[in-house]
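The values are calculated or read from the model by the stated rules, or taken from the named source; none is laboratory data. All values reported here derive from a predicted model rather than from experimental measurement. Backbone-built Cβ (ideal geometry, glycine too); neighbour counts: all protein chains shown.
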Amino acid sequence: MRLNQVTVPLTDYAASVAFYQALGLKLIVDSPPRYARFEMSEGDRGEPSTFSIERVEGWKGGDWPEIWFESDRLDELVGELKAKGIVFETEPETMSYLWRVAHLRDPAGNRITLYHAGENRRWPPWRLK
């Protein structure tokens, strides 16, 4: 089994599409003002996964679910996004679980974490045998 698709709420179609395109996602379904689907720029040894946004009336944003996007060049990506005007809640920081993370929110208030874990994503020193 593989995770292929995640959908999160949107409140402002144009702002959300622009935000996810700025992150580097490729728009593949454009159905304003209700729905958009993106393809991730990189696959994990196979087809790229997809990510969608869909209008949800009354959505106020929240911390959960938290959406995690991995980049092998996290610090450079954060710098590029900040130059485009994207605001981060936290700067990149190496956590106790050996991942480097930075937090931000999309225009609908969904919590996004950009991170780099490398081998520690699947193979941390404390992985069960």
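Numbers below:
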quantity: Only one of GLY24, GLY85 that is more than 13 Å from ARG105 (Cα to Cα) and outside any strand (DSSP E or B); calculated: GLY24
quantity: In segment 29-50, residue modelled with the lowest pLDDT [restricted to those that are acidic (Asp, Glu) and outside any loop (DSSP other than H, G, I, E, B)]; calculated: GLU39
quantity: Selection count, segment 1-27, where residues are among the small types (Gly, Ala, Ser) and in contact with a strand residue (DSSP E or B) (Cβ under 9 Å, 6 or more places away or on another chain); calculated: 2
quantity: Qualifying residue in segment 69-83 (condition: buried (at least 16 other Cβ atoms within 10 Å of the Cβ) and over 17 Å from the mean Cα position of the chain (by Cα)); calculated: no
quantity: Residue match in segment 58-81 (condition: small (Gly, Ala, Ser) and part of a helix (DSSP H, G or I)); calculated: yes
quantity: Residue ID - surrounded by the most Cβ atoms within 10 Å (Cβ to Cβ), chosen from residues in segment 103-126 that are among the aliphatic types (A, V, I, L, M) and part of a loop (DSSP other than H, G, I, E, B); calculated: ALA108
quantity: Given (1) closer than 22 Å to TYR115 by Cβ; (2) at pLDDT 95 or above; (3) in a loop (DSSP other than H, G, I, E, B); (4) not small (Gly, Ala, Ser), index of the condition ILE53 fails; calculated: (3)
quantity: In segment 88-97, the residues that are of a type in the set (Ser, Thr, Tyr) and either buried (at least 19 other Cβ atoms within 10 Å of the Cβ) or part of a strand (DSSP E or B) (or both); calculated: THR94
quantity: Residue match in segment 60-74 (condition: touching a helix residue (DSSP H, G or I) at 6+ places or on another chain (Cβ under 8 Å) and of a type outside the set (Asp, Glu)); calculated: yes
quantity: Which listed residue is among the basic types (Lys, Arg), in contact (Cβ under 8 Å) with a residue 24 or more places away in the chain, farther than 19 Å from ARG122 by Cα and surrounded by 13 or more Cβ atoms within 10 Å (Cβ to Cβ), from ARG55, ARG100; calculated: ARG55
